[in-house]
Amino acid sequence: MFLQAAVGGSAVLVAASLATSGGILGPLVPPAKGPATIANIYDAELDPAKATNFVEGPLGRMPYKFFYWPYDPSVSPYYRNVLARVPDSLPTTDGSVQTSNGKYVAYNTTCVHLQCLVNPGYADSQYRLQCPCHGSQYEITDAVPQRGPAFDLNLGRLPRIRLTVDNNGNIIAEPWDPSDNLEGVPGIGLH
């Protein structure tokens, strides 16, 4: 009888807290933003000669900038992305933009192995996105795993962000389609 009363009381408390929480059972993630300007091709931070955040390699400096989109960091740190100005001699994939001021790519930085946040770097004679936790490395030109557990386990590439540039040189993050802002899922990737 005591156990029945304890279980019944617990059920009442849980129901009351859910009823007064105002949407606790609703979506955990707010609606995504639409297109957003994330940088400008004329920004000093994306100029190889002036950038403070860059990776040094044999093809010169690769400047980069972190940004949050389509959600801000209050939703989750896993929506951190990186915009990189890749050397002109490297090929890029769909979703990147090429301008008179360089080629740009953007990816979500959540490693598809165990969800650590990757950072731009240089390894194996290549510009890469590198995971500091377990050593996964992703190609900067297409975000496909090249080394480490993400490669060994044949996991998908990092989600890409589609970029466009307007007439004023603004780099804009665009949804891939109306229902999906990123091409892939943070922490899961694109298969």
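What the table shows:
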{"read-out": "Unique residue being touching a Gly at 6+ places or on another chain (Cβ under 6 Å) and charged (D, E, K, R) when the list is R85, R80", "value": "R85"}
{"read-out": "Residue count, the stretch 97-119 (criterion: under 18 Å from P48 (Cα atoms) and not in a strand (DSSP E or B))", "value": "2"}
{"read-out": "In the stretch 116-125, residue nearest to I188 (Cα to Cα) [restricted to those that are in contact (Cβ under 8 Å) with a residue 40 or more places away in the chain and either crowded, with 24+ Cβ neighbours inside 10 Å or over 11 Å from the mean Cα position of the chain (by Cα) (or both)]", "value": "V118"}
{"read-out": "Residue check for L25: over 21 Å from the mean Cα position of the chain (by Cα) and at pLDDT below 90", "value": "yes"}
{"read-out": "Output for the stretch 125-143, where each listed residue is assigned to a loop (DSSP other than H, G, I, E, B) and within 19 Å of D88 (Cα to Cα)", "value": "S125, I140, T141, D142, A143"}
{"read-out": "Exclusive hit being part of a strand (DSSP E or B), in contact (Cβ under 8 Å) with a residue 12 or more places away in the chain and buried (at least 22 other Cβ atoms within 10 Å of the Cβ), set A150, A84", "value": "A84"}
{"read-out": "Test: residue in the stretch 162-178 that is farther than 15 Å from L83 by Cα, surrounded by 15 or more Cβ atoms within 10 Å (Cβ to Cβ) and at pLDDT below 90", "value": "yes"}
{"read-out": "Candidate set from the stretch 87-115 (those that are hydroxyl-bearing (S, T, Y) and within 21 Å of D43 (Cβ to Cβ)); member that is surrounded by the fewest Cβ atoms within 10 Å (Cβ to Cβ)", "value": "S100"}
{"read-out": "Selection from the stretch 54-95 of residues that are of a type in the set (S, T, Y) and over 16 Å from R128 (Cα atoms)", "value": "Y68, Y71, S74, S76, Y78, Y79"}
{"read-out": "Members of the stretch 126-143 that are crowded, with 16+ Cβ neighbours inside 10 Å and under 16 Å from the mean Cα position of the chain (by Cα)", "value": "R128, L129, Q130, C131, S136, Q137, Y138, E139, I140, T141, D142, A143"}
{"read-out": "Residue ID - surrounded by the most Cβ atoms within 10 Å (Cβ to Cβ), chosen from residues in the stretch 38-72 that are part of a strand (DSSP E or B) and of a type in the set (A, V, I, L, M)", "value": "M62"}
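The values are calculated or read from the model by the stated rules, or taken from the named source; none is laboratory data. From a predicted model like this one, the values you see are computed outputs, not experimental measurements. Note: ideal-geometry Cβ built from the backbone for every residue, glycine included; neighbour counts use all protein chains shown.
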